[in-house]
Amino acid sequence: MKITSLIAIAVLASVGTADARPRPHGFGGKRFEANKTFGLGLELGEPTGVTGKLFLQPDQAIDFGLGDIYHHYYGGDGLHLYFDYLWHPVSLASTEAFELPFYVGIGARTWFFDYACAGRTCTGAEAFGVRVPLGISFDLNNVPLDIFIQLVPTLDFFRDYGPHDVYLDVDFSVGIRFWFS
């Protein structure tokens, strides 16, 4: 509850300094150009946690996240860290109010988790994965917010985990970011 309150206060305090510049509008097939630079927000799904995005060029960005993942699959909590390089090759829709860019990327993740918990005793394991995020972002032009939805095929390589050493998974998440610049 305290973290949520702090995030809400930070977002409200930053509204006066946020900037969302207008872009030309139209529908389908035009090149996306970001009108924002750096945003932070929340992500729900796999993973659930804090997410950030930094545009390095008008159509290329890095995104990153820290959160909890797969606690319902493996019987214990899992700390998840990821970092991706994203390309935004096309805007599927462009209006005065919003852009709808498609994005694709390549990245990496690491996560640490407990499994086979019996009482207070759990077995710990870790994984390193190669991620390929595919998503769309509902990027608002007049407000410093975006809402995203993504599917992320991931090839994981496990350490100290008995059931398998390599596993292909597809994660799904939705999120919202507040853009500071």
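The values are calculated or read from the model by the stated rules, or taken from the named source; none is laboratory data. On a predicted model such as this, the values are computed, not experimentally measured, just so you know. Cβ coordinates were reconstructed from backbone atoms using ideal geometry, including for glycine residues, and neighbour counts include every protein chain displayed. What goes into the accessible areas is simple: the full protein's heavy atoms, side chains included, and nothing from ligands, DNA or RNA. Shrake-Rupley method; radii C 1.70, N 1.55, O 1.52, S 1.80 Å.
Across the protein chains, with a 1.4 Å probe defining accessible surface, the residues Phe148, Phe83 rank Phe83, Phe148 from largest area downward.
Put Trp87, Trp179 in order of accessible area, highest first, and with a 1.4 Å probe you get Trp87, Trp179. For region 100-153, carbon and sulfur atoms together expose 71% of the accessible surface, with a 1.4 angstrom probe and every protein chain in place. Take region 48-158 with all the other protein chains still there, run a 1.4 Å probe, and you get 44 Å² of accessible area per residue. Residue-wise HN-Hα couplings along region 56-69, as the Karplus relation 6.51 cos²θ - 1.76 cosθ + 1.60 with θ = phi - 60° gives them from phi, are 8, 9, x, 10, 9, 8, 10, 10, 8, x, 9, x, 9, 8 Hz; Gly and Pro carry x. Max-minus-min Cα coordinates of region 33-174 on each principal axis give 55, 25, 21 Å, with the largest extent listed first. What distance in nm lies between label points placed 7 Å from Cα along the C-beta direction at Arg159 and Ala97? With each label placed 7 Å out from Cα toward Cβ, I get 4.9 nm. According to the calculation over all Cα-Cα pairs in region 89-172, the P(r) per 10 Å bin from zero is 16, 32, 23, 17, 10, 1 %.
Note on region 81-123: the C-alpha convex hull projects to 5.7 nm² when averaged across all orientations. For region 80-138, the set of GluC sites (Glu not before Pro) satisfying both a DSSP loop assignment and a count of at most 10 other C-beta atoms within 10 Å is given as Glu96.
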